[in-house]
Amino acid sequence: MHDVAVVGAGPSGLLAAAEATRHDFDVVVFEEHGKVGVPDHCAGLLSVSGLDSLGLQPPNSVVQNAIVGAKIYSPSGHSLLIEREKREALVVNRSLFDQWLADRAEKKGVQIKTDAHVNKIVTDGQKYTLTLKSVGESIQSRFVCLAEGSRCQISQQLGFPSVPKSSKYPAYQFEIEGADIDPRHVEMFYGRKISTGFFAWVIPFGEGKARVGLASRDESKRRLKSSMKNHPVISERVEGAKIRRGLGGIVLVGKPIERTSIGNAVVTGDAAGHVKATTGGGVILGGVAARIAGQVIRKRLLKDEFEQGLDEYSAQWRAKLEREFRAMFIAQKFLTSLSDKGLDSLIHDVSEYRLLEVVEKSGDMDKQKRVLLELAKNPMAYIAGLKAIRYLSPLI
Ligand SMILES: Cc1cc2nc3c(=O)[nH]c(=O)nc-3n(C[C@H](O)[C@H](O)[C@H](O)COP(=O)(O)OP(=O)(O)OC[C@H]3O[C@@H](n4cnc5c(N)ncnc54)[C@H](O)[C@@H]3O)c2cc1C
């Protein structure tokens with residue numbers, strides 16, 4: 001009988017496990033792949049403030065680049081530069097980042113089992129029985145933390161809701177080398193011809209190296225290839241560069257699921273929809289919620305409390321993050337409801353009406369509620385918003 005079984009060795013599972021453990025606890029993480037972090041499916045852009053809030057300082061071997069700002073392109077090519085003096089974000093090698101989190105968890109006493117696909121979970125109300133596909137073996141645990149990513153297959157077996165299909169957008173990304181790219185800025189490209197419901201990105205991760213990606217409601221790979229060929233700025237960025245590899249994945253653009261704790265089981269990370277709807281980034285806020293999950297489980301184990309359940313986890317992450325997730329969800333809905341003319345108008349007016357100063361002053365890559373509230377107080381933001389709303393998309 002284990003004390004805690006975690007399904008999935010992504011950042012959420014590893015952070016929850018590291019938080020739950022103590023030298024005399026038996027905490028085990030099951031990962032279906034042969035190696036933690038492989039294959040990766042991420043651009044690796046993580047805010048410095050978010051990493052600090054998780055108490056994480058990734059070593060130089062994991063960090064590939066430091067970013068000071070973002071350039072946002074409207075459909076007609078108008079651009080906005082949001083920049084701060086300090087390092088705003090790091091670009092990490094996600095495989096190495098996850099492996100570093102795994103080493104960190106193992107040093108705290110967590111066991112990590114790779115090649116261990118959990119394909120079934122049941123409970124008798126006292127304990128959980130997990131069946132591992134590879135060995136056909138079953139294990140038992142008092143507490144479980146489901147951090148299996150956006151697939152949500154195991155969590156559904158315990159009665160948790162799945163992240164809805166409509167919130168899952170296919171994403172594709174190429175890593176290129178030999179590109180003529182400003183290493184200090186990430187670039188984001190909006191427009192319905194590029195992507196429906198999301199955007200394309202260029203994230204530099206070293207001298208001449210960048211991750212060029214795109215998520216969309218449909219056809220992300222085809223759209224990305226087409227943008228790399230035809231978009232005036234993206235095609236310029238990739239000109240003469242060599243494609244080193246391509247990778248696909250799912251980004252989430254919805255809200256957290258309604259229920260994240262049942263009995264002594266919790267769901268966290270992408271599996272719980274703990275993702276910024278505006279960018280699909282889930283490592284930081286998913287990590288914040290995952291740490292809460294680990295802390296609440298640890299508290300129960302320390303006090304031998306097996307009857308109380310883990311609703312405290314749901315209450316705590318909701319108190320800390322729910323309004324953030326909601327604000328980003330509304331912002332994402334607003335942006336995607338605009339036609340290209342509406343987006344052009346909005347991006348143009350943000351610089352015209354000096355709203356960029358508000359964004360630069362109050363903006364935070366992870367906690368976007370504050371900047372949205374500041375903008376909501378600004379009359380010029382209303383004018384910009386109302387002007388943009390004239391161009392609601394006929395497709396919504
Ligand atoms: C193209 C792309 C770019 C992205 N870029 C960024 C970015 O720049 N910044 C950012 O913050 N986020 C980014 N994201 C999102 C980010 O990757 C996720 O939010 C993050 O990985 C979620 O972490 P997680 O631990 O919840 O899930 P995951 O990282 O998906 O980890 C889940 C793990 O569980 C394992 N697993 C699943 N089912 C089972 C099972 N039944 N048994 C055993 N193991 C199982 C999987 O193999 C996996 O290792 C990006 C996503 C994509 C697709």
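The values are calculated or read from the model by the stated rules, or taken from the named source; none is laboratory data. Fair warning: this is a prediction, and the values are worked out from it, not measured in the lab. Backbone-built Cβ (ideal geometry, glycine too); neighbour counts: all protein chains shown. Note: areas computed on protein heavy atoms with side chains; ligands, DNA, RNA excluded. Shrake-Rupley method; radii C 1.70, N 1.55, O 1.52, S 1.80 Å.
Among PHE306, VAL233, VAL202, whose Cα projects farthest towards the positive end of the dipole of the chain, with charges put on the beta-carbon of Lys, Arg (+1) and Asp, Glu (-1)? Working it through, the farthest residue towards the positive pole turns out to be VAL233.
The residues packed around GLN157, meaning those with a beta-carbon under 13 Å from its beta-carbon, carry a net charge of +1 if Lys and Arg are +1 and Asp and Glu are -1.
Obtain the radius of gyration and the Kirkwood radius of the chain from its C-alpha atoms and give Rg over Rh. Result for the chain is an Rg/Rh of 0.98. Relative to the dominant Cα principal axis of the chain, helix 283-302 is inclined by about 20°.
Extension gain for GLU83-LYS242 works out to 54.4 nm (0.36 nm per residue, less the C-alpha to C-alpha distance). Applying 1/(1 + (r/R0)^6) with R0 = 51 Å to the Cβ-Cβ distance of ARG259 and ARG184 gives a FRET efficiency near 0.75. Carbon and sulfur: what percent of the chain's accessible surface (1.4 Å probe)? That fraction is 50 percent. Maximal additional length on extending the LYS108-PHE306 stretch stands at 69.0 nm, based on 0.36 nm per residue less the C-alpha distance. You can think of it this way: the chain between ARG222 and SER134 has 28.2 nm of extra reach, that is 0.36 nm per residue less the Cα-Cα gap. Mean residue ellipticity at 222 nm, helices only, the chain: -10000 deg cm²/dmol; runs of at least 4 DSSP H residues each add -39,500 (n - 2.57), and the sum is divided by the number of residues. Scoring 47-56, 198-207, 20-29 by mean Cβ neighbours within 10 Å over their residues and listing the highest first yields 198-207, 20-29, 47-56. Does anyone have the angle between helix 94-107 and the longest principal axis of the chain? Alpha-carbon axes, 0 to 90°, nearest 10? Helix 94-107 and the main axis of the chain meet at about 30 degrees. For the chain, the longest principal axis of the alpha carbon atoms and the long axis of helix 340-352 meet at an angle near 80°.
Here the relative contact order of the chain, from alpha carbon pairs under 8 Å that lie six or more residues apart, stands at 18 percent.
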